[in-house]
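Chemist: Submitted below is the structure of interest, expressed as structure tokens.
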Amino acid sequence: MSRIELHPDRLLPAEPETRRIAGRLYHAARHLPIVSAHGHVEASLLAEDKPYSDPASLFVVADHVVTRLLHAHGVDLERLGLGPKKPPPREIWRTLCDHWWAFRGTPAREWLEAELVEVFGVSLRPAPETADRLYDELSDKLLQPELRPRALYRRFGVEVLATTDDPAGDLAAHIALAADPTFSGRVVPTFRPDRYLDPGEVGFAAGVAALAGAAGIDTGSYEGYIAALEQRRGFFAACGATSSDHGTPEAAAIPLPAAEASRIYRAALAGGAVPKETAAFRRHMLCEMARMSCDDGLVMQLHPGVLRNHHTATWRAAGSDGGHDIPLATEYTRSLRPLLERYGTHPRFRIVVFTLDESTLSRELAPLAGFYPSLYLGAPWWFLDTPGAMRRYRTAVTDSAGFYKTSGFVDDARVLCSIPARHDVARRCDAAYLARLVAEHRLPEEEALEVATELAYGLPRRVFRLA
Amino acid sequence: MSRIELHPDRLLPAEPETRRIAGRLYHAARHLPIVSAHGHVEASLLAEDKPYSDPASLFVVADHVVTRLLHAHGVDLERLGLGPKKPPPREIWRTLCDHWWAFRGTPAREWLEAELVEVFGVSLRPAPETADRLYDELSDKLLQPELRPRALYRRFGVEVLATTDDPAGDLAAHIALAADPTFSGRVVPTFRPDRYLDPGEVGFAAGVAALAGAAGIDTGSYEGYIAALEQRRGFFAACGATSSDHGTPEAAAIPLPAAEASRIYRAALAGGAVPKETAAFRRHMLCEMARMSCDDGLVMQLHPGVLRNHHTATWRAAGSDGGHDIPLATEYTRSLRPLLERYGTHPRFRIVVFTLDESTLSRELAPLAGFYPSLYLGAPWWFLDTPGAMRRYRTAVTDSAGFYKTSGFVDDARVLCSIPARHDVARRCDAAYLARLVAEHRLPEEEALEVATELAYGLPRRVFRLA
Amino acid sequence: MSRIELHPDRLLPAEPETRRIAGRLYHAARHLPIVSAHGHVEASLLAEDKPYSDPASLFVVADHVVTRLLHAHGVDLERLGLGPKKPPPREIWRTLCDHWWAFRGTPAREWLEAELVEVFGVSLRPAPETADRLYDELSDKLLQPELRPRALYRRFGVEVLATTDDPAGDLAAHIALAADPTFSGRVVPTFRPDRYLDPGEVGFAAGVAALAGAAGIDTGSYEGYIAALEQRRGFFAACGATSSDHGTPEAAAIPLPAAEASRIYRAALAGGAVPKETAAFRRHMLCEMARMSCDDGLVMQLHPGVLRNHHTATWRAAGSDGGHDIPLATEYTRSLRPLLERYGTHPRFRIVVFTLDESTLSRELAPLAGFYPSLYLGAPWWFLDTPGAMRRYRTAVTDSAGFYKTSGFVDDARVLCSIPARHDVARRCDAAYLARLVAEHRLPEEEALEVATELAYGLPRRVFRLA
């Protein structure tokens, strides 16, 4: 049975002198605190601090990066626990181990191996013949107190963890954590209003009704709807939020005259808005979010360019986040112009723009970030949160925007256990990139050291106003 | 007169330790049998087994990669044998040798040099002063029995060779080869119906009439047309075909209601279909091909995104394949959705998608292949069948789709002699890519060895159902 | 106070053997004369030969690559001298020194450091504590005769310098320089007619009136307008011009029937052309420029794909070239087809096509340049005039177009002092690219040496008809 070997120099350049430089740069960033400015871990996980139930739920079912590639190799999502009939967790775990070869060369494998070794202290390589022994070892570990969420939070050196939250929610777990004298961490919510801003989505009317309930403001009129959103943003900010987050099919942000916005809003609530109108309203509301950011200072995170739930039958069977959200070509230069014309040089406004379309990095996003003081470039995200894409990102972006108009690393994690592995990969990759600059005599090593610590720690803290 | 030096380590990484690893990986893949799953060599070449006529026809006239770059440097295509007036082959060969400098840094030169040295045993570097001597040496060689097509097929270690064929053809050469006890190779046809599926193309009506003749089914009605296509697919499958192949300007596949398809079909035959209708019909028929694949198991190869015959005057003078087919930006996420909604998880359906638009690799194609069990990612193709593009392909694709949702190498060769050189370049480049993963401690060498042999041999065999 | 260290091997590959090869290739190209075939230095600078006024005007105010990134870090453009109220130059210089960290990893820093050390002999690293001392040192230097424009021109080894000029201008400075026996250089104008070709631009009517004045031809009719443009091109050619230059939002070039062009022209002069018409006219006129090129032999440089003046408030306050021109996705295959159908194989026609959209390099531009004898691929430009983009350019382009269908380096400089640094970076990067080919045994070193000198010197001379 072969063992996972986590080489201390993994992901650093092969050329010996460059590797030595990269090693020194990585050493400087390696143990800095983790600022997790964007992700999908729930605050209740830390509020409740319950042990994880089993290895399959933790490593497979919760992670669509894993389930999607297994599905691509012919494994029904139901066999992975993503359907009404749940197989025993041990079966799910065996399915992963049977397909371990499918993950060769992928970041999912790099994260999982690091988690197994560094978080769980388990080094057997997953394979059909090791599946049961690994399952048993991991199940035992999960019962230990040092593997409960709060213990992991401390051990990982997390300075602050931002969650992603429903604007109509009560943030009870966040409030409980803040009030809990036995928890010394910092867990802040993020205002994620997508479904409240797009009247083309199913359930928009029910959503704004829930918003009214949460805000205590009647959302029957457009003015009330705007006031309720402002109230909820204020509540989130009071609970520690420093960002709003926006996942949209496109980057377009185009204001409407208030009367027209109001007319579409009424039509949408009455069920009579056509797609052209609902799209116009969604684009208008993205601009409104920017306007509110100027007032309340929430950093606006924009994650555009995804067609969600590409395969309808899978969505019906397994729900959202089933691994078939697929990126789209995305336009930023014209799309963001109306928003940037209005707020691009506003002293309080800040927008962090992400992309899944790498062709936009050197063409549109770095030139925009290299001019507008309000615009920062988000880290490589989702399908691009990988060693190869990180290198392409720095190569494409640094020319026009330098290092200091990028956001620093953002983990976007769904599972607490995976956070340190993700930050570690990013710190290694940035060290590798910087080492190449040093080795080619383009940047003195002492300056590269400063940049390495900024990318890992200083920038995410400051860019997302978490300092 | 300088000589071609084929260094044994060519295309392997320069860094010494990485090169040693790459050398070991390449060694494992180097001599595996060749599975040529997609290409344009004619079956009659092997059925007839005649000697090649002359070096110019073989190395210049038949290869649009060569003629196009000579044309770009001001050589009329007529001087290269691509017009009504044919110059003497020796003159064509001299023209190539006069412009050898133009091929510096291109894959065409890498293939040609490897062919000269490894197939013909000739190592003079082409140049004005070597042209005649080379021409004479090559002409002599071409008369030798070991350079006739069947001898080359054996010597190259070809396990199976897929040709590209007209659905109305009789596959006589394939049938003859299969029946010939003196030929032990395997040559299979591929069903390539482009001109029968697009009523916007000149000659559509004549084409479906030919189809009727071949199938023995009246294609006067839409139902008959569909039945004739199904009959021809069945005939191809019976003759050994495992794939259909589709070259289209775009990836869109959108089904029409049968009545609407039938209406457009009738209008097209009557010469009365407008471009919007013929495009809708073409998109519909791509979906129909997928439907038929679910039944007959032919793997659907999709090669979209080319504007054919960009320069009309050249097309009139020199015909198709004149070197001025130019790629277009291509969209897959929305375009393939209707097809994938219907057949994307069908257990028998398989589609291998190629692209000439590299921006789609990380953005659309790898995410699609990383979810849909039916969808595989084709190898870098045509303008991208090059060492640089192969490396970019693996870097862009592996993150989301791993190695095992790619098709393995596909040579797309027009000339039998060039097949081993093309596979050799791919095996070297994949070894180089894998060696970097090993050198950066991202993949153990024993696993990289397995991947190297899969990419070279196992995957094309299985993905194209040639095993 | 730390010092700038310009390492002799900067930008060459880190791997030792590859670096040695690159060093030899760079050595061959390093001291070749500079052919500056496209840029924005004014001829009057050399005609007048006045000393530069101060370091801030030279290094900051005139360079939008510098001002835009300072603006992105919150510095008002007015504080950088780009507004009605000019701060003292020393203050502007201090602002740059305060933000030197922001330029880490950017080409702007590489150019500036090389200029400071190699042109001015100053090696203090810019920083808040060195700002005043540097300012004083540089101010002293600027008074020395060897730092006046003509002395720099000589010292830099410029063989020919092409400026960018208004078709209605009198080219007085060019004429004066040509007649000046004390100036032995060669300064040629470039015909840049953008504002005279787009009736959608403000001031079109005034522009064609000025054209009439310059040409002595009434532009009240379309025929007169065409004749005036032809006259001005002829005048430019007589003054040494070898190129026209075209900056457009898109690459589309679509001829109109003369009657339709004439109709729109009249409507535009009367202020009655709608945007659809003015765009059609602009596309038509790009084709007309190609037609004229066939007659007068001016090389047509095409620089498409930029949305100029993205932030209107900044444009109002600071004018054009304020650093907020932002690239757009650009299409070439279909857009250039009408022009190439007509003139693509014309023996006198030549077009050099640039791009800011890297996704088009392997997909559209290299395939076009690899077929059409008239079409050359321009060097990486503007946001892409960087070490990283140069490498991506060669990797994407060489496969289909080789080295000899690219234009060789074009500096696009606004400041005379920056010209040698820009050419030096390009020569280093091309040497690095070629050295990798040599180290991977893809090109013999003696051929790579030839290519290195061609890219640096031979190609720009011949491609822009400056030989």
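Chemist: So in segment A:291-306, with the set limited to residues that are under 18 Å from residue A:240 (Cβ atoms) and of a type outside the set (D, E, K, R), which one is surrounded by the most Cβ atoms within 10 Å (Cβ to Cβ)?
Modeler: Here the residue is A:301.
Chemist: Next question. As an exercise: evaluate residue B:16 against (1) without any contact (Cβ under 8 Å) to a residue 12 or more places away in the chain; (2) surrounded by 23 or more Cβ atoms within 10 Å (Cβ to Cβ) and give the number of the one condition it does not meet.
Modeler: It fails just one condition, (2).
Chemist: Listed residues C:3, C:24, C:30; which is touching a strand residue (DSSP E or B) at 6+ places or on another chain (Cβ under 7 Å), basic (Lys, Arg), touching a residue at least 40 places away in the same chain (Cβ under 8 Å) and surrounded by fewer than 21 Cβ atoms within 10 Å (Cβ to Cβ)? Write out each step before concluding.
Modeler: On the way: C:24 fails: touching a strand residue (DSSP E or B) at 6+ places or on another chain (Cβ under 7 Å); C:30 fails: touching a strand residue (DSSP E or B) at 6+ places or on another chain (Cβ under 7 Å).
Matching residue, one of C:3, C:24, C:30: C:3.
Chemist: OK, next. Quick one: which residue in B:324, B:310 is buried (at least 22 other Cβ atoms within 10 Å of the Cβ), facing another protein chain (nearest Cβ under 10 Å) and free of Cβ contacts under 8 Å to residues at least 24 places away in the same chain?
Modeler: B:310
Chemist: Within segment C:123-139, track down each residue that is in a loop (DSSP other than H, G, I, E, B) and either more than 17 Å from residue C:111 (Cα to Cα) or of a type in the set (D, E, K, R) (or both).
Modeler: The answer is C:125, C:128, C:129, C:130.
Chemist: A follow-up question, please. Is it true that residue A:24 is within 13 Å of chain B (Cβ to nearest Cβ), basic (Lys, Arg) and more than 27 Å from the chain's Cα centre (by Cα)? First the steps, then the outcome.
Modeler: On the way: within 13 Å of chain B (Cβ to nearest Cβ): no; basic (Lys, Arg): yes; more than 27 Å from the chain's Cα centre (by Cα): yes.
The answer is no for residue A:24.
Chemist: Is it true that residue B:266 is buried (at least 20 other Cβ atoms within 10 Å of the Cβ) and either not assigned by TED's automatic domain parsing to the domain that holds residue B:353 or not in a strand (DSSP E or B) (or both)?
Modeler: Against the criterion (buried (at least 20 other Cβ atoms within 10 Å of the Cβ) and either not assigned by TED's automatic domain parsing to the domain that holds residue B:353 or not in a strand (DSSP E or B) (or both)), residue B:266 does not qualify.
Chemist: If we scan segment B:59-74, do we find a residue that is basic (Lys, Arg) and modelled with pLDDT of 95 or more?
Modeler: Within segment B:59-74, one or more residues are basic (Lys, Arg) and modelled with pLDDT of 95 or more.
Chemist: Taking residue C:403, is it of a type in the set (Phe, Trp, Tyr), assigned to a loop (DSSP other than H, G, I, E, B) and more than 14 Å from chain B (Cβ to nearest Cβ)?
Modeler: No, not satisfied.
Chemist: What are the residue pairs meeting all of these: first residue in segment A:435-457, first residue closer than 21 Å to residue A:424 by Cβ, second residue crowded, with 17+ Cβ neighbours inside 10 Å and hydroxyl-bearing (Ser, Thr, Tyr), Cβ atoms under 7 Å, and 6 or more apart or on different chains?
Modeler: Every condition considered, the pairs that remain are A:435/A:18; A:436/A:18.
Chemist: Follow-up. Take the conditions buried (at least 18 other Cβ atoms within 10 Å of the Cβ), assigned to a loop (DSSP other than H, G, I, E, B) and not polar (S, T, N, Q) and apply them to residue C:181. Does it pass?
Modeler: Against the criterion (buried (at least 18 other Cβ atoms within 10 Å of the Cβ), assigned to a loop (DSSP other than H, G, I, E, B) and not polar (S, T, N, Q)), residue C:181 does not qualify.
Chemist: May I pose another question? Quick check on my filter: what residues within segment B:367-377 are part of a strand (DSSP E or B) and either touching a Pro at 6+ places or on another chain (Cβ under 9 Å) or over 18 Å from residue B:331 (Cβ atoms) (or both)?
Modeler: Step one: of segment B:367-377, the residues part of a strand (DSSP E or B) are B:375-377.
If the condition is that a residue be part of a strand (DSSP E or B) and either touching a Pro at 6+ places or on another chain (Cβ under 9 Å) or over 18 Å from residue B:331 (Cβ atoms) (or both), then B:376 is the only one that fits.
For every residue, the table says whether it meets (1) within 25 Å of residue B:299 (Cβ to Cβ); (2) charged (D, E, K, R).
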residue	(1), (2)
B:189	yes, no
B:193	yes, no
B:212	no, no
B:217	yes, no
B:228	yes, no
B:232	yes, yes
B:240	yes, no
B:268	no, no
B:272	no, no
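Chemist: How many residues does segment C:306-331 contain that are among the basic types (Lys, Arg) and part of a helix (DSSP H, G or I)? Write out each step before concluding.
Modeler: Looking only at segment C:306-331, we keep the residues that are among the basic types (Lys, Arg), and these are C:308, C:316.
Okay, now just the ones that are also part of a helix (DSSP H, G or I), so C:316.
Residues in segment C:306-331 being among the basic types (Lys, Arg) and part of a helix (DSSP H, G or I): 1 in total.
Chemist: Considering (1) under 22 Å from the mean Cα position of the chain (by Cα); (2) charged (D, E, K, R); (3) modelled with pLDDT of 95 or more, say which one residue C:321 fails and leave the rest.
Modeler: For residue C:321, the exception is condition (3).
Chemist: Return a yes/no flag: does segment A:378-397 have any residue that is farther than 26 Å from residue A:254 by Cα, within 14 Å of chain B (Cβ to nearest Cβ) and not in a helix (DSSP H, G or I).
Modeler: Yes, that holds for at least one residue.
Chemist: Counting just the residues of segment A:332-366 that are in contact with an Asp or Glu (Cβ under 8 Å, 6 or more places away or on another chain) and in a loop (DSSP other than H, G, I, E, B), which one comes out surrounded by the most Cβ atoms within 10 Å (Cβ to Cβ)?
Modeler: The extreme case among them is A:332.
Chemist: Could you identify the single residue in A:159, A:91, A:78 that is surrounded by fewer than 18 Cβ atoms within 10 Å (Cβ to Cβ), out of contact with any Pro (no Cβ under 8 Å at 6 or more places or on another chain) and touching a residue at least 12 places away in the same chain (Cβ under 8 Å)?
Modeler: On the way: A:159 fails: out of contact with any Pro (no Cβ under 8 Å at 6 or more places or on another chain); A:78 fails: out of contact with any Pro (no Cβ under 8 Å at 6 or more places or on another chain).
The unique qualifying residue is A:91.
Chemist: Could you list all residues from segment A:432-462 that are within 14 Å of chain C (Cβ to nearest Cβ) and farther than 18 Å from residue C:102 by Cβ?
Modeler: A:432, A:435, A:436, A:438, A:439, A:440, A:441, A:445
Chemist: Next question. Looking at (1) more than 7 Å from chain C (Cβ to nearest Cβ); (2) under 21 Å from residue C:74 (Cβ atoms), which one does residue A:411 not meet, given that it meets all the others?
Modeler: (2)
Chemist: Which one of the conditions (1) farther than 30 Å from residue A:329 by Cα; (2) modelled with pLDDT of 95 or more does residue A:253 fail to meet, given that it meets all the rest?
Modeler: (1)
Chemist: When residue C:264 is evaluated against the numbered criteria (1) touching an Asp or Glu at 6+ places or on another chain (Cβ under 7 Å); (2) among the aliphatic types (A, V, I, L, M); (3) without any contact (Cβ under 8 Å) to a residue 40 or more places away in the chain, which criterion, by number, is the only one it fails?
Modeler: (3)
Chemist: Would you mind telling me which numbered condition in (1) among the charged types (D, E, K, R); (2) surrounded by fewer than 20 Cβ atoms within 10 Å (Cβ to Cβ); (3) in contact (Cβ under 8 Å) with a residue 40 or more places away in the chain residue A:68 fails?
Modeler: The one condition residue A:68 does not meet is (2).
Chemist: Anything in segment A:23-70 that is of a type in the set (Gly, Ala, Ser), assigned by TED's automatic domain parsing to the domain that holds residue A:93 and assigned to a helix (DSSP H, G or I)? List them, or say none.
Modeler: Those that are of a type in the set (Gly, Ala, Ser), assigned by TED's automatic domain parsing to the domain that holds residue A:93 and assigned to a helix (DSSP H, G or I): A:56, A:57.
Chemist: Restricting to segment C:8-21, count the residues that are assigned to a loop (DSSP other than H, G, I, E, B) and more than 8 Å from chain A (Cβ to nearest Cβ). Outline the logic, then answer.
Modeler: The first filter runs over segment C:8-21 and keeps only residues assigned to a loop (DSSP other than H, G, I, E, B), leaving C:8-15.
Add one more test, that the residue is more than 8 Å from chain A (Cβ to nearest Cβ), and what stays is C:8.
Final tally of qualifying residues: 1.
Chemist: Can you confirm whether residue C:426 is more than 13 Å from every other protein chain (Cβ to nearest Cβ), modelled with pLDDT of 95 or more and not in a helix (DSSP H, G or I)?
Modeler: It is false that residue C:426 is more than 13 Å from every other protein chain (Cβ to nearest Cβ), modelled with pLDDT of 95 or more and not in a helix (DSSP H, G or I).
Chemist: Tell me, which residue of segment A:71-96 that is part of a loop (DSSP other than H, G, I, E, B) and in contact with a Gly (Cβ under 7 Å, 6 or more places away or on another chain) is nearest to the other protein chains (Cβ to nearest Cβ)? Show your work before the answer.
Modeler: To start, the set of residues in segment A:71-96 that are part of a loop (DSSP other than H, G, I, E, B) comprises A:73-76, A:81-88.
If we keep only those that are in contact with a Gly (Cβ under 7 Å, 6 or more places away or on another chain) too, we end up with A:82, A:87.
Values: A:82: 12, A:87: 18 Å.
That would be A:82.
Chemist: I'd like the full set of residues that are touching a His at 6+ places or on another chain (Cβ under 7 Å) and more than 19 Å from residue C:15 (Cα to Cα), limited to segment C:414-456.
Modeler: If the condition is that a residue be touching a His at 6+ places or on another chain (Cβ under 7 Å) and more than 19 Å from residue C:15 (Cα to Cα), then C:414 is the only one that fits.
The values are calculated or read from the model by the stated rules, or taken from the named source; none is laboratory data. Bear in mind that the values here come from a model prediction, so they are computed numbers and not experimental data. In this analysis, Cβ positions are derived from the backbone assuming ideal geometry, glycine residues included, and neighbour counts consider all displayed protein chains.
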